Structure formats: C-alpha cells, structure tokens
C-alpha cells in the first residue's frame with residue numbers, strides 16, 4: 001500500500017489525493033442522485049397508486065421506460081444524444097460546460113431518474129400493502145388526497161419498504177461507476193488511472209475495492225440505524241397487523 | 001436535427017452480430033451463474049462454519065463492489081491466472097470473450113446465490129427431515145427433492161435477475177468488447193451517427209426487456225394461481 005504515498009506524475013500530490021478526489025465524486029454523485037431519486041420516485045410511485053386518470057398511466061410509462069433500458073445506454077442518451085436533440089444554442093451550452101461538470105450533471109440526472117423508477121415501484125408496493133381501511137378511515141376523517149398520502153399512507157409505506165430502500169441506497173453507490181464511461185473520474189476511474197500510471201494493478205484496484213467495501217458497510221449501518229429509529233411497535237416485523 | 005433512417009438500416013447487420021454476443025454473454029452468465037450460485041447457496045447452509053463463512057464472504061464481497069470494477073479485475077487477473085496454471089511464469093493474453101464470460105459467471109453467481117438461498121428457506125423444514133428419514137444422501141436430497149422446489153418458488157425472481165443480467169452485459173463496453181452497445185458505439189464513432197445509433201439500441205433493449213418482463217409477470221400470476 002506504499003503506492004498511496006508516492007508522488008503522482010503531475011507532481012501536484014500523492015496517489016492518495018487521487019483516491020480521495022475519486023471518492024468525493026462518487027459520494028457527491030450518489031447522494032445527489034439519491035435525493036433526486038427519492039423525490040421523483042415518491043411522486044411517480046404515488047401517481048401509480050391513484051385510482052384513475054392520466055397520472056397512473058404516465059407513471060407506468062415512466063417506470064417501464066427507465067427500467068427496461070440499460071443504465072449505460074441511458075447515460076449515453078443524456079450525455080451524447082440529448083444535446084443534439086435540443087435547440088442548437090442550448091445543446092452547445094451543455095457541451096461547453098467545464099469539466100468535470102460536463103459529465104457530472106448528465107450523470108446526476110441520469111442516475112437520479114433511473115433510480116427514481118426503481119424507488120417508484122417500491123413506494124407503490126408499500127402503499128398497496130396497506131389495508132384498504134386506512135384510506136377509508138382517512139376519508140371519513142375528512143382528509144383530502146394530498147393530506148391522506150402525506151400524513152397517513154406514505155409514513156406507513158416508507159416504514160414497510162425501508163429494507164428494500166436500503167438495498168437501493170447501496171446499489172446507487174455501485175452504479176456511480178457507470179459515470180466513468182462519460183469521463184467522470186470517480187472511484188473506479190481513479191483505480192484505472194493509477195494502474196495506467198504505475199502498472200501496479202493489484203495495489204490500485206485493491207485499494208479501491210476496499211474503499212467500496214467500507215462504503216457499503218457504512219451505508220448499511222446508516223440505514224440500519226434509520227430503520228431502528230423510525231420503527232413503530234405495531235409495524236415491527238415489517239408487515240401491517242390487524 | 002434530422003434522424004437518418006438509412007444509416008440505421010445499413011448498420012443493422014452489424015448491430016445484430018453485437019446482439020448475438022450480448023445473448024451469448026447472457027446465456028453463459030445465467031447457466032454458469034445459477035450452477036455456481038446454487039453451490040454457494042448450499043455452501044452457506046452448510047454446518048461446517050469454514051465453508052459457510054467463505055461462501056458468505058464471497059457473496060457479500062461481490063455484492064458490495066460495482067460490476068465495472070469486477071470486469072477490470074478479471075480482465076487483469078485472468079491472464080495471470082492462466083500463466084500460473086500453465087506454469088509459463090508470465091501472463092498469457094486471452095480473448096476478451098473469455099474474460100467477459102468468466103466475469104459474468106463469477107459476479108452473477110453471488111446474486112443468484114441469494115435468490116436460490118431464499119428458495120431453500122421457503123421450503124418447509126419437514127422436507128429436509130423427510131429426506132433424512134427416507135435415507136437419501138445429501139446429494140440426492142438436494143438434486144431430487146429440495147432444489148426443484150426451491151427453484152420453482154423463486155422462478156419469477158430468477159427470471160427478473162436474468163433481465164437485469166441482460167442489461168448489465170452492456171457494461172462490457174469498458175473493455176471495448178463488441179456487444180450490442182459496443183457495435184453501436186463503433187458505428188456511431190465511424191460514421192458520426194451517435195444520435196441514430198444510441199436511440200436504436202435503446203429501442204432494441206427496451207423491446208426485448210419489456211417483452212421479457214411482461215412474460216415474467218404473466219408467469220408470476222400463473223404460479224400464484226397454481227399454488228392456491
């Protein structure tokens with residue numbers, strides 16, 4: 001592991017600095033995309049559980065589209081294809097964004113909207129797992145649709161789906177590595193760059209593998225604590241009981 | 001900008017060649033992944049603490065790191081491993097396809113292992129006791145009694161994972177392999193037709209995966225109906 005403390009060829013620092021910078025981009029991308037995914041995913045998931053109208057259909061089209069196209073192809077869509085389809089001036093402005101923002105922003109949108117489709121499915125499953133009586137009781141108490149979801153249905157649904165959300169939270173960290181294909185130097189790309197500079201393959205990839213393992217462990221711990229903190233006695237064990 | 005349909009038509013034979021490689025990776029990944037994954041699942045249930053700890057560690061390691069990182073690892077390690085096996089003392093260059101097949105078997109096995117393990121846990125404990133009472137050997141008990149029931153119980157999840165695997169094959173792009181996306185990229189860069197090529201592969205992936213996921217949904221309904 002002495003590799004970490006050796007000077008980089010540009011003379012600006014040590015390889016450790018590259019790893020820290022790569023880790024920083026991985027974390028920023030994962031947390032930023034996670035925020036987008038939670039907001040969009042909840043909205044789409046709620047839309048899919050509405051009784052009728054255009055919204056459930058729109059929700060289904062969204063989920064099927066984003067789930068049935070590989071993440072990498074979606075990445076290329078946001079990075080290569082979209083700027084060409086937009087008006088010339090807008091497209092040029094996107095393409096001329098300074099690095100690393102030119103790859104970070106498309107990667108952020110791509111990963112956020114991709115994960116949103118997966119979260120939407122979980123939110124839908126969580127809401128549909130609640131007994132019908134919850135909706136009826138809420139209506140009887142005079143709740144409108146918005147209040148019913150915000151105060152009655154979603155707080156219970158999120159508790160039910162927390163374990164699967166934990167999985168999704170760990171998946172988004174791993175999926176950030178796909179952003180290296182559009183030029184973002186995140187953690188995996190850092191390993192590749194160090195390897196190309198030093199030919200010390202085992203050390204370069206070994207360090208990065210350990211960093212991913214540690215992230216997974218920490219992410220799991222965080223979610224476990226949240227799970228414990230928000231647990232309701234009546235719902236402990238995961239399912240609703242009469 | 002205008003989309004040039006003739007460019008898509010001209011590239012189609014090459015894209016289909018790429019799609020064939022994508023299908024090959026999927027088939028090898030599913031077959032090898034389920035076989036190796038089932039062995040891992042059985043190992044995790046083993047009473048020998050060494051065996052179950054090793055299998056658990058392998059599954060957790062693979063599930064914690066990105067597939068792209070595993071592709072790089074295997075890409076660098078396989079030449080060393082083959083050099084060591086043949087005792088030539090130096091790494092031996094191997095084709096990209098072998099690297100890719102090995103990667104997908106090793107990686108997907110961890111995910112299939114978890115699914116098969118869930119299948120084993122869904123079987124009632126009486127089945128295990130009954131196998132022992134009948135005097136079946138461990139091997140025969142798994143092959144004839146336990147495994148078929150476990151697989152049946154998790155068939156929809158296994159198939160859904162296979163659709164995910166099919167989509168994941170696109171990541172072989174990072175070692176410049178010519179799968180469906182790789183073929184599209186090569187044409188796109190040669191002819192300057194990024195928009196046409198990437199939209200076309202997007203549509204191809206969507207049609208195949210959507211059809212497959214609808215099939216899984218129907219099967220799920222039929223299995224649930226049969227179980228009642």
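The values are calculated or read from the model by the stated rules, or taken from the named source; none is laboratory data. For clarity, every value in this text was computed on a predicted model and none was experimentally measured. Methodologically, a virtual Cβ is constructed for each residue, glycine included, from the backbone with ideal geometry; neighbour enumeration extends over all protein chains shown.
Here are the numbers for the structure shown:
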item	result
Filter result for residue A:169 (part of a helix (DSSP H, G or I) and closer than 29 Å to residue A:9 by Cα)	no
Unmet criterion (only one of (1) surrounded by 15 or more Cβ atoms within 10 Å (Cβ to Cβ); (2) at pLDDT 85 or above) for residue B:53	(1)
The lone exception for residue B:207 - which of (1) under 20 Å from the mean Cα position of the chain (by Cα); (2) more than 10 Å from chain A (Cβ to nearest Cβ); (3) free of Cβ contacts under 8 Å to residues at least 24 places away in the same chain it fails	(2)
Boolean, residue B:224 is more than 18 Å from the chain's Cα centre (by Cα), in a helix (DSSP H, G or I) and over 29 Å from residue B:116 (Cα atoms)	no
Residue match in the range A:53-67 (condition: in a loop (DSSP other than H, G, I, E, B) and either touching a helix residue (DSSP H, G or I) at 6+ places or on another chain (Cβ under 7 Å) or at the interface with chain B (Cβ under 9 Å from one of its Cβ atoms) (or both))	no
All positions within the range A:196-214 that are closer than 11 Å to residue B:76 by Cα and within 28 Å of the chain's Cα centre (by Cα)	A:205
Residue match in the range A:144-163 (condition: free of Cβ contacts under 8 Å to residues at least 24 places away in the same chain and either within 13 Å of another protein chain (Cβ to nearest Cβ) or on the phi > 0 side of the Ramachandran plot (or both))	no
Members of the range A:121-147 found to be in a helix (DSSP H, G or I) and surrounded by fewer than 18 Cβ atoms within 10 Å (Cβ to Cβ), listed by number	A:125, A:128, A:132, A:133, A:134, A:136, A:137, A:139, A:140, A:145, A:146, A:147
Evaluation of residue A:97 against (1) away from chain B (no Cβ under 13 Å); (2) in contact with a helix residue (DSSP H, G or I) (Cβ under 8 Å, 6 or more places away or on another chain); (3) assigned to a helix (DSSP H, G or I); (4) surrounded by fewer than 19 Cβ atoms within 10 Å (Cβ to Cβ) (one fails), failing number	(3)
Test result for residue A:181, modelled with pLDDT under 90 and touching a helix residue (DSSP H, G or I) at 6+ places or on another chain (Cβ under 7 Å)	no
Test: residue in the range A:175-185 that is touching a residue at least 24 places away in the same chain (Cβ under 8 Å), out of contact with any strand residue (DSSP E or B) (no Cβ under 7 Å at 6 or more places or on another chain) and more than 14 Å from chain B (Cβ to nearest Cβ)	no
Which listed residue is more than 14 Å from chain A (Cβ to nearest Cβ) and in a helix (DSSP H, G or I), from B:107, B:76, B:72, B:120	B:120
Looking only at the range B:89-104, and only at residues there that are over 14 Å from residue B:172 (Cβ atoms) and loosely packed, with under 15 Cβ neighbours inside 10 Å, the one that is modelled with the lowest pLDDT	B:89
Hey, residue B:194 at the interface with chain A (Cβ under 9 Å from one of its Cβ atoms) and modelled with pLDDT under 95 or not	yes
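Yes or no, residue by residue, for (1) surrounded by 22 or more Cβ atoms within 10 Å (Cβ to Cβ); (2) in a helix (DSSP H, G or I):
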{"position": "B:114", "(1), (2)": "no, yes"}
{"position": "B:128", "(1), (2)": "no, yes"}
{"position": "B:132", "(1), (2)": "no, yes"}
{"position": "B:145", "(1), (2)": "no, yes"}
{"position": "B:150", "(1), (2)": "yes, yes"}
{"position": "B:165", "(1), (2)": "no, yes"}
{"position": "B:170", "(1), (2)": "yes, yes"}
{"position": "B:178", "(1), (2)": "no, no"}
{"position": "B:181", "(1), (2)": "yes, yes"}
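Yes/no per residue for (1) more than 26 Å from residue B:165 (Cα to Cα); (2) crowded, with 18+ Cβ neighbours inside 10 Å; (3) at pLDDT 85 or above:
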| position | (1), (2), (3) |
| --- | --- |
| A:5 | yes, no, no |
| A:18 | yes, yes, yes |
| A:22 | yes, yes, yes |
| A:25 | yes, yes, yes |
| A:55 | yes, no, yes |
| A:63 | no, yes, yes |
| A:70 | no, yes, yes |
| A:74 | no, yes, yes |
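Okay, residues lined up against (1) modelled with pLDDT of 95 or more; (2) in contact with a helix residue (DSSP H, G or I) (Cβ under 6 Å, 6 or more places away or on another chain):
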{"site": "B:19", "(1), (2)": "yes, yes"}
{"site": "B:47", "(1), (2)": "no, no"}
{"site": "B:64", "(1), (2)": "no, yes"}
{"site": "B:85", "(1), (2)": "no, no"}
{"site": "B:106", "(1), (2)": "yes, no"}
